[in-house]
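Below: the structure, in structure tokens.
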Amino acid sequence: MTCNAVQERLNAFLDQELPRDQARVIDAHVAGCAACAALMEEYAAVRSIASAWEAEAAPEIDALQAIWTEVQALREEVASLRQELAVLRAERPSPLLRPYAARTVLTRVV
Amino acid sequence: MDHASAFDNLVRIHQRPLVRFATRLLTNPDVAEDIVQEAFFRIWRAKPTFVSSDSVRVYLFRAVHNLCRDHLSGVRHNDIPIERASDLAAPRSTQPEIRCEQQILADAVAAAVRTLPEAQRAVFVLSHYEGFRYDEIAMILQCPAGTVASRKHLAVETLRRRLRPWISREDSK
């Protein structure tokens, strides 16, 4: 494996994401190549430094409360829509009367 | 367990990691909280069924990532308040000078991570901070695992260049 190919895999190697045979090749290459070994140390240092930005604590939120409030609001909205629908249905003429209503409209148009 | 209790558990277990993840992607913790709440709300309505706790975690992170990406695509870069980069900070020392140095380093890392392209940033945050494996990240971001590996490599390479002064100090320790 060339240095380029090894270097492209160093992060996967550090993450232990490489298949065992590839990891062995990288391991052997790094043991004998100062440039790749130095780069691997730098990548390891980046990881160590990046951990300085570990989350102390995510902001304490009460997502549950907010969601339940939203769910409650939606339930109320659904209930109110159902009521409106019931009123509209009550006001609508019976299906038996619909042909007469249609005929009346046609007569008016003609 | 009924749907409501199962959902309560889901929120309790996952809300903090999800907010932490979204805050790292978006910078603004208020928007991150809104996005996590929206994700939970959509899940509550969709009532998905999960085969394992791993799949729940992947599903939740995917939902939050999708919402973050939608948000980012509608936000100009200038709108991101970089000064809030330290909202997620390292555990702090009680000694003022050490605390100050830790804070500067945490801010430098936060700024460097947040200037990564979105696709690389998501991979780096999921892998480094949330501890996901490449195959899980591939499921969250809906891309091949090979793409995850190359994005992680590009992200670390970019961070290496941006954080060079700190790396020298790390090496001399």
| Across region B:1-48, which residue is farthest from the other protein chains (Cβ to nearest Cβ) among those that are charged (D, E, K, R), in contact (Cβ under 8 Å) with a residue 24 or more places away in the chain and open to solvent by 40 Å² or more (accessible area, probe 1.4 Å)? | B:47
| Could we say that residue A:84 is more than 9 Å from chain B (Cβ to nearest Cβ), at pLDDT below 95 and exposed (fewer than 15 other Cβ atoms within 10 Å of the Cβ) here? | yes
| Pairs where the first residue, in region B:106-134, is free of Cβ contacts under 8 Å to residues at least 24 places away in the same chain and the second is among the aromatic types (Phe, Trp, Tyr), C-beta under 7 Å, 6+ apart | B:106/A:53
| field | Options B:118, B:101; residue that is under 21 Å from residue B:19 (Cβ atoms) and either open to solvent by less than 10 Å² (accessible area, probe 1.4 Å) or out of contact with any strand residue (DSSP E or B) (no Cβ under 6 Å at 6 or more places or on another chain) (or both) | value | B:118
| query | Can you find even one residue in region A:66-81 that is part of a helix (DSSP H, G or I), at pLDDT 75 or above and of a type in the set (Lys, Arg)? | reply | yes
| remark: Of (1) of a type in the set (A, V, I, L, M, F, W, C); (2) surrounded by fewer than 18 Cβ atoms within 10 Å (Cβ to Cβ); (3) assigned to a helix (DSSP H, G or I), residue B:143 fails just (3)
| note | Restricting region A:1-26 to residues that are more than 11 Å from chain B (Cβ to nearest Cβ) and not in a helix (DSSP H, G or I), the one surrounded by the most Cβ atoms within 10 Å (Cβ to Cβ) turns out to be A:1
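The values are calculated or read from the model by the stated rules, or taken from the named source; none is laboratory data. These numbers come from a predicted model, not from an experiment. We place every Cβ from the backbone using ideal geometry, glycine too, and count neighbours over all the protein chains shown. Protein only, heavy atoms only, side chains kept; ligands, DNA and RNA dropped before computing areas. Shrake-Rupley method; radii C 1.70, N 1.55, O 1.52, S 1.80 Å.
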